[in-house]
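Can you read through this structure? Questions will come right after.
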Amino acid sequence: MFQPALLSAFESLETPFYYYDMSLLHKTLDLYTFCLKKYGYHAHYALKANANDRILDAMRTAGLGADCVSGNEVALALQSGFSPDKIVFAGVGKSDKEIKTALEGNIFSFNVESIPEMERINELAAGMGKVANISLRLNPDIDAHTHKYITTGLAQNKFGISPWMFGEVWEVLERSKHLALIGLHFHVGSQITNMSVFKTLCERVRVLQQWFLDKGAVLSVVNLGGGLGVDYQSPLEHPIVDFASYFDIIHKNLPLLPGQEIHLEPGRALVAQSGFLIGRVLYVKKGKGIKFAILDAGMNDLIRPSLYGAQHHILNLSSAGRMMRYDVVGPVCESSDRFAKSVLLPQVSRGDFIALCSTGAYGQVMSMRYNQRDLAESYYSDRLLP
Ligand code: LLP
């Protein structure tokens with residue numbers, strides 16, 4: 001993957017930067033869309049994972065819609081050419097301005113998360129003489145067995161509507177002339193690697209949808225959200241997620257009713273493994289019982305290790321020396337600015353290129369300018385290599 005021609009191309013670039021392997025991205029998308037077609041499912045790419053223009057282009061060209069969680073994401077999706085009838089909009093705190101952006105854009109569906117939100121969308125839609133399509137985001141009370149910060153489907157989480165609220169939701173729906181219920185929405189968490197979670201989700205969907213079907217609702221959309229995890233430990237051995245098993249689990253456990261469609265909102269699984277944060281070693285400093293490899297990339301470029309204790313596989317692209325242990329850290333003035341503790345790497349020297357793998361999702365998009373640091377540039381394999 002990191003052949004000598006690529007490393008020499010890196011030489012002329014200012015570090016740190018994000019590098020995207022477009023051929024891996026396209027292979028991933030090919031496999032994903034193959035599965036979508038096989039089962040006749042629909043997908044909306046979760047823009048929050050990575051909203052770079054080249055990535056959005058690839059998703060749109062592959063035929064995916066857009067899953068948005070802010071008015072600005074909706075506006076960006078529209079601007080980037082996603083068809084409005086493939087745009088969905090979730091989030092527990094949609095402001096009036098954001099709701100209006102989505103109403104003006106005639107998006108496919110609001111994934112609504114509460115009764116007061118339903119009432120507000122209804123009022124704003126009435127004011128604009130429109131009817132808003134909505135899917136109810138239900139909270140199925142399922143443990144996604146992932147990091148607590150990215151678990152969203154438990155009853156104590158702020159997301160979605162719980163079964164005890166269904167009666168009131170139905171009353172509001174009946175009197176809201178500017179809302180059209182088109183389906184149900186779920187999203188139970190992210191970086192889910194235990195596939196049985198998706199089986200449990202499908203089982204819960206079947207139970208929960210029955211309440212609405214009994215009321216006579218027509219649920220043409222069942223949106224299962226995103227959440228499929230990637231292999232952060234061995235990204236080079238497993239560059240593409242086992243989409244086939246994931247789709248098979250859904251297919252087997254969630255039989256469709258006549259006229260019903262399954263929608264998905266993949267983010268991480270499509271883009272994580274194609275992205276790499278590339279930095280250079282500034283200094284190798286002796287510490288107490290360990291050496292620090294101090295990079296020019298820091299937590300402002302990639303916050304996942306500091307925020308979630310996430311571990312990204314690290315490569316020394318410039319050395320084949322003997323393996324030694326390092327704490328790999330950034331230059332930011334925070335002790336949490338550490339990418340790895342006591343990790344084995346081929347001997348590290350000043351100037352070596354270091355790659356932080358699996359950073360295509362929730363990497364660059366979560367970066368910030370803390371310490372007044374510059375934001376990293378993006379480079380794409382098909383433009384860097386002849
Ligand atoms: N749909 C909804 C409603 C979501 O909230 C999310 C992610 C997705 C889809 C896409 O999920 P994915 O397929 O990427 O798992 N910053 C965290 C991840 C936060 C995920 C938030 N929601 C991280 O770096 O791990």
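When the residues of region 258-316 are filtered to those that are within 26 Å of residue 2 (Cβ to Cβ), among the charged types (D, E, K, R) and in contact (Cβ under 8 Å) with a residue 60 or more places away in the chain, which remaining residue is most open to solvent (accessible area, probe 1.4 Å)?
The selected residue is 280.
Considering only residues that are open to solvent by 30 Å² or more (accessible area, probe 1.4 Å), more than 16 Å from the ligand (Cβ to nearest atom) and either part of a strand (DSSP E or B) or over 27 Å from residue 5 (Cα atoms) (or both), which ones fall in region 325-367?
325, 331, 333, 334, 335, 338, 341, 342, 343, 344
Right, here's the next one. Is it the case that residue 124 is away from the ligand (no atom under 16 Å from the Cβ), among the aliphatic types (A, V, I, L, M) and modelled with pLDDT of 95 or more?
Judged against the criteria, residue 124 is a match.
Let me ask something else about it. Among the residues of region 230-263, count how many are part of a loop (DSSP other than H, G, I, E, B) and either within 18 Å of residue 41 (Cα to Cα) or β-branched (Val, Ile, Thr) (or both).
Count: 11.
Would you mind finding the one in 80, 70, 109 that is under 20 Å from the mean Cα position of the chain (by Cα) and open to solvent by less than 10 Å² (accessible area, probe 1.4 Å)?
109
Quick one: residue 155 ticks every box in (1) in contact with an Asp or Glu (Cβ under 7 Å, 6 or more places away or on another chain); (2) modelled with pLDDT of 95 or more; (3) among the aliphatic types (A, V, I, L, M) bar one, so which box is it?
Among (1) in contact with an Asp or Glu (Cβ under 7 Å, 6 or more places away or on another chain); (2) modelled with pLDDT of 95 or more; (3) among the aliphatic types (A, V, I, L, M), the lone unmet condition for residue 155 is (2).
While we're here: Could you check region 33-67 and list, in sequence order, the residues that are among the aromatic types (Phe, Trp, Tyr) and surrounded by 20 or more Cβ atoms within 10 Å (Cβ to Cβ)?
Across region 33-67, the qualifying residue is only 45.
Taking the condition of being over 19 Å from the mean Cα position of the chain (by Cα), open to solvent by less than 20 Å² (accessible area, probe 1.4 Å) and of a type in the set (Phe, Trp, Tyr), how many residues in region 207-256 meet it?
Number of matching residues: 1.
For region 57-92, name all the residues that are in contact with a helix residue (DSSP H, G or I) (Cβ under 9 Å, 6 or more places away or on another chain), part of a loop (DSSP other than H, G, I, E, B) and among the hydrophobic types (A, V, I, L, M, F, W, C).
62, 64, 69, 82, 92
Something else about it: Looking at region 159-166, is at least one residue open to solvent by 30 Å² or more (accessible area, probe 1.4 Å), within 16 Å of the ligand (Cβ to nearest atom) and modelled with pLDDT under 95?
Taking every residue of region 159-166 in turn, at least one turns out to be open to solvent by 30 Å² or more (accessible area, probe 1.4 Å), within 16 Å of the ligand (Cβ to nearest atom) and modelled with pLDDT under 95.
Quick check on my filter: what residues within region 57-89 are within 15 Å of the ligand (Cβ to nearest atom) and basic (Lys, Arg)?
Across region 57-89, the qualifying residue is only 86.
The values are calculated or read from the model by the stated rules, or taken from the named source; none is laboratory data. Quantities reported herein were computed from a predicted structural model and do not represent experimental measurements. Methodologically, a virtual Cβ is constructed for each residue, glycine included, from the backbone with ideal geometry; neighbour enumeration extends over all protein chains shown. Each accessible area value is taken on the protein alone, full model and side chains, heavy atoms only, with ligands, DNA and RNA left out. Shrake-Rupley method; radii C 1.70, N 1.55, O 1.52, S 1.80 Å.
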